[in-house]
Amino acid sequence: MTRVSTTLRRGGVALAVLTALLVSGCADPRETAPPAPAASVPSAAPTTPVPVPAGDPAAHAAALVTRLADEDLVGQVLMPYAYGDAADRVSPASAAGNRSLAGVDTPAQMIGKYRLGGLILVGFSADDPTKGNQETTNVDNPKQVRALTSGLREAAADLPAGAAPFLIGTDQEHGVVTRITDGVTLLPSALAAGAAGKPELTEAAWRAAGTELAAMGVNVDFAPVADVLVTRSTVIGSRSYGADPKAAGAQVGGAVRGLQAAGVAATLKHFPGHGHSATDSHTDLPVLDQPRAALEAGAWVPFRAGVDAGALAVMSGHLDVRSVDPGTPATFSHKLLTGVLRDQLGFKGVVITDGMNMAPAKRWSPGEAAVRALKAGNDLILMPPHVGQAYDGLLAALRDGSLPRARLVEAATRVLTMKFTLAGRATPDLSTLAAPAHRDAAGELAAAAVTVLRGPCGAPVRGPVTVTTSGGRAHTRAALTEALTSAGVRVVPKGGTVVHLVGYGDGADDLRADAAVTVAMDTPYVLAKATSPTLLATYSSSRASMTALARVLAGKAPPAGRSPVPVPGLPATTCAG
């Protein structure tokens, strides 16, 4: 990661020189033209790609940005979502959604109309705590995703900024927030990695996951979650690596190194620390009322670790930090994004907003919110609720002076520097997906996570087993049944030793009093209410985690994990060492 850090330092010098040049008169003369209306196609700038000289990513970015028109500068700092699972052919319903969002029919037309620098792929699953702002889905299977991303890049190739690789991002955190689930290697959750406590396993697993994202054409992952889990937050929960800031930071660093070794930008989120509030920022504005010193010693430690590991991006959260900028969501706080993240933590890369279609960001119009976010220090505006209004608001503010040109240039240059940092790598073949080596990496991490919180260390179950679950988990029950059978344990529909599984969103009412073994597949807090003589945690319901659990239950592997969060009345593990 030395090359990334050097690039970003050079980028800071390039930004300073570039800003001075533009402010002193090298800007496009069309900056005084009136803003284009939302329904029109901006056409003042040339539509052919601008060539850039050879050199490092920062030099590429600096050369390109000086020749971009206002419309292109604005487009580079927008990353909306779009409706449809193909770039240029969508269903009537998706076309209607795109017209409402951006005044176009297809994702490809959206890219062309607004000179976009990137697009986010969205989707959701039943247990996803972020599904409230995922209004569509772009993903079905890896082959479809690869065709979609190829089409999106083709649409962007002829734009003036087309020499810079188009950014395609998604929230592939693994665990409950995982956009692409079919046909890929699924890692155990972040909390499982925290329980394993082996950053080298985390790095290897995330290198495998990053390689698969790259094979599908995704070059930005909105992961890892760097939030320290100090509250029983259902929106963060098992997405976090745990409650210990230093241990979580080591895991975050491993995930960053793994992802970026595969050519995929890692994004630390949600700065300044969503794990310090249990409120869901999708619907409300969480308040962090901890003293600044407590945040510095806790919440910000994993972010610093991720920055030190070379993370190319940080996501700003919609969080009210009372000790720094009371009443202002961090997404819109210059004190937090510039004063803390950049000046104190030393981050030089791209700051990306959390979804601007979330409630705390929608207190302003899309255009005003985009301007405010950019002025606070964000470089990329994610998921505006109306693309046209965000675009026009930024363009109008640039031209009337309320958005300083230097700030827009700085943001666009950072985005382009990240793009060129990611450029030049061969796209892996789709055959790499779910490769044996990748499955092994996920399996090793999952195996190291299994934790015994009550009962003998590593005692296998006796006799035939009956697997039960809380409601709606038939797929997971089937996965464990298959894994147990493969491990030599007989499974019967009823009458056996009861192994009961609980997962995301489950509480005391989902427990079974007659279970000999209760297993937590998400945060382990519910185990404090369980009466089973044996309590286990996998922190994840992935196939790798069920395979690891089966081997522990069969007595073929030791439960090596330690709970990364405190559970009242229970130890971190009953296993010594």
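Of all residues in segment 331-344, those satisfying the criterion of being touching a strand residue (DSSP E or B) at 6+ places or on another chain (Cβ under 9 Å) and of a type outside the set (Val, Ile, Thr) are Phe332, Ser333, Lys335, Leu336, Leu337, Leu341, Arg342. Kindly indicate whether any position in segment 414-432 is buried (at least 17 other Cβ atoms within 10 Å of the Cβ), in a loop (DSSP other than H, G, I, E, B) and of a type in the set (A, V, I, L, M, F, W, C). Within segment 414-432, not a single residue is buried (at least 17 other Cβ atoms within 10 Å of the Cβ), in a loop (DSSP other than H, G, I, E, B) and of a type in the set (A, V, I, L, M, F, W, C).
Going by what's in this entry, would Asn378 be described as open to solvent by 10 Å² or more (accessible area, probe 1.4 Å), polar (S, T, N, Q) and either within 27 Å of Gly123 (Cβ to Cβ) or not in a loop (DSSP other than H, G, I, E, B) (or both)? Reasoning before the result, please.
On the way: open to solvent by 10 Å² or more (accessible area, probe 1.4 Å): no; polar (S, T, N, Q): yes; either within 27 Å of Gly123 (Cβ to Cβ) or not in a loop (DSSP other than H, G, I, E, B) (or both): yes.
So Asn378 does not fit the description; no.
Using the structure shown, decide if Gly242 is on the phi > 0 side of the Ramachandran plot, open to solvent by less than 10 Å² (accessible area, probe 1.4 Å) and not hydroxyl-bearing (Ser, Thr, Tyr). Criteria met by Gly242. Remark: pairs (first residue in segment 84-107, in contact (Cβ under 8 Å) with a residue 40 or more places away in the chain; second residue crowded, with 20+ Cβ neighbours inside 10 Å and part of a loop (DSSP other than H, G, I, E, B); Cβ separation under 6 Å; 6+ apart in sequence or on different chains) = Gly84/Val90; Asp85/Asn138; Asp88/Thr106; Ser94/Tyr83; Ser94/Gly84; Pro107/Ala82; Pro107/Gly84; Pro107/Ala87. Restricting segment 211-242 to residues that are touching an Asp or Glu at 6+ places or on another chain (Cβ under 7 Å) and assigned to a helix (DSSP H, G or I), the residue that is farthest from Ala560 (Cα to Cα) is Ala215.
Taking the condition of being in a helix (DSSP H, G or I) and open to solvent by 50 Å² or more (accessible area, probe 1.4 Å), how many residues in segment 449-493 meet it?
So the count comes out to 7.
Among the residues making up segment 215-239, those that are free of Cβ contacts under 8 Å to residues at least 60 places away in the same chain and closer than 16 Å to Ala305 by Cα are Ala223, Val225.
Might you let me know whether segment 173-186 holds any residue that is polar (S, T, N, Q), touching a helix residue (DSSP H, G or I) at 6+ places or on another chain (Cβ under 6 Å) and surrounded by 22 or more Cβ atoms within 10 Å (Cβ to Cβ)? Yes, because at least one residue in segment 173-186 is polar (S, T, N, Q), touching a helix residue (DSSP H, G or I) at 6+ places or on another chain (Cβ under 6 Å) and surrounded by 22 or more Cβ atoms within 10 Å (Cβ to Cβ). Specify which of the listed residues (Ala397, Ala406) is surrounded by 18 or more Cβ atoms within 10 Å (Cβ to Cβ) and outside any loop (DSSP other than H, G, I, E, B). Criteria check complete, one pass: Ala397.
The residue that is nearest to Gly175 (Cα to Cα), among those in segment 472-516 that are of a type in the set (Lys, Arg) and touching a residue at least 40 places away in the same chain (Cβ under 8 Å), is Arg473. Being more than 19 Å from the chain's Cα centre (by Cα) and either more than 28 Å from Ala209 (Cα to Cα) or open to solvent by 10 Å² or more (accessible area, probe 1.4 Å) (or both) is the requirement here; does Val307 meet it? No; evaluated as a whole, the condition is false for this residue. Scan (1) open to solvent by less than 20 Å² (accessible area, probe 1.4 Å); (2) touching a helix residue (DSSP H, G or I) at 6+ places or on another chain (Cβ under 8 Å); (3) of a type in the set (A, V, I, L, M) for the single condition Val552 breaks and write down its number. Here Val552 meets the rest and fails (2). Residues that are in contact with a helix residue (DSSP H, G or I) (Cβ under 8 Å, 6 or more places away or on another chain), part of a strand (DSSP E or B) and not hydroxyl-bearing (Ser, Thr, Tyr) within segment 300-324 comprise Ala313, Val314, Asp320, Val321, listed in sequence order.
Filter segment 246-295 down to residues that are modelled with pLDDT of 95 or more, small (Gly, Ala, Ser) and surrounded by 18 or more Cβ atoms within 10 Å (Cβ to Cβ), then give me how many there are. Of the residues in segment 246-295, 12 are modelled with pLDDT of 95 or more, small (Gly, Ala, Ser) and surrounded by 18 or more Cβ atoms within 10 Å (Cβ to Cβ).
For segment 67-119, filtered to residues that are among the hydroxyl-bearing types (Ser, Thr, Tyr) and part of a loop (DSSP other than H, G, I, E, B), the residue that is farthest from Val218 (Cα to Cα) is Ser91. The residues of segment 336-362 that are acidic (Asp, Glu) and touching a residue at least 40 places away in the same chain (Cβ under 8 Å) amount to a single one, Asp354. From the list Arg425, Arg439, the lone residue that is modelled with pLDDT under 95 and under 30 Å from Gly217 (Cα atoms) is Arg425.
Quick one: in segment 107-132, which of the residues that are under 17 Å from Pro385 (Cβ atoms) and surrounded by fewer than 20 Cβ atoms within 10 Å (Cβ to Cβ) is modelled with the lowest pLDDT? Applying the filter and picking the extreme gives Lys131.
Of all residues in segment 348-365, those satisfying the criterion of being surrounded by fewer than 24 Cβ atoms within 10 Å (Cβ to Cβ) and touching a helix residue (DSSP H, G or I) at 6+ places or on another chain (Cβ under 6 Å) are Lys348, Asn357. The set of residues from segment 319-344 being open to solvent by 10 Å² or more (accessible area, probe 1.4 Å), on the phi < 0 side of the Ramachandran plot and not β-branched (Val, Ile, Thr) comprises Arg322, Ser323, Asp325, Pro326, Phe332, His334, Lys335, Gly339, Arg342, Asp343, Gln344. Picking from residues in segment 192-215 that are out of contact with any strand residue (DSSP E or B) (no Cβ under 9 Å at 6 or more places or on another chain) and of a type in the set (A, V, I, L, M), the one that is farthest from Gly424 (Cα to Cα) is Ala196.
The values are calculated or read from the model by the stated rules, or taken from the named source; none is laboratory data. Because the structure is a prediction, the values reported are computed rather than measured. Using ideal geometry, Cβ is built from the backbone for each residue, glycine included, and neighbour counts are taken over all protein chains shown. Only protein heavy atoms, including side chains, enter the accessible area calculation; ligands, DNA and RNA are left aside. Shrake-Rupley method; radii C 1.70, N 1.55, O 1.52, S 1.80 Å.
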